[in-house]
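What follows draws every value from the coordinates through simple rules; no lab data is involved. This structure is a prediction, so every number in the text was calculated from the model and none was measured.
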Amino acid sequence: MADFNIQSEITTDDTGANGVRDARFSDWETVIAPVNHVINRDTVSSVELSGNGDEHRAEIVYDEWVEIVPNTGLQFPRKISVRTYALGPSGHWAGRGWAKYAVSGNFVKYH
């Protein structure tokens, strides 16, 4: 069972008669590991739940790196942020684009 689950989604405006596509990013969704824990990146999974349009993807950024064993260079992040991107479909009256992703993973305790 995952220690954290992040859901992220975005929907564009319709591609109208002129064929101009809309592109959008969602807001960032962030999880910070509890005290004395880090994120095990090997367990992080990103699953597309739904998508439409010419592009749709999830972006994952790690931050707040911690060296868990001093002087080894072995670093793990405490913070994970996720956002989604969607670009509407090409064509005239082509409709909306969207992206919906689920990102999950586990923490590791240290100290």
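Computed 3J(HN,Hα) for the stretch 87-100, one whole-Hz value per residue from the Karplus formula 6.51 cos²θ - 1.76 cosθ + 1.60 where θ = phi - 60°, is 10, x, x, 7, x, 9, 6, 8, x, 9, x, 7, 8, 9, glycine and proline marked x. Highest mobility in the GNM of the chain, judged by mean-square fluctuation with C-alpha springs under 10 Å and restricted to 40, 52, 71, is found for 71.
When the chain is treated as a Gaussian network with alpha carbon springs shorter than 10 Å, the biggest mean-square fluctuation among 99, 58, 17 belongs to 17. Counting only Cα atoms, the size of the chain along its three principal axes is 60, 27, 18 Å, in decreasing order. Residue by residue, the stretch 31-48 carries 3J(HN,Hα) couplings of 10, 10, 5, x, 4, 6, 10, 9, 8, 7, 4, 5, 9, 6, 10, 10, 10, 6 Hz when phi is fed to the Karplus relation 6.51 cos²θ - 1.76 cosθ + 1.60 (θ = phi - 60°); x denotes Gly or Pro. For the chain, modelled as a GNM whose springs connect Cα atoms under 10 angstrom apart, the maximal fluctuation among 62, 85, 101 occurs at 62.
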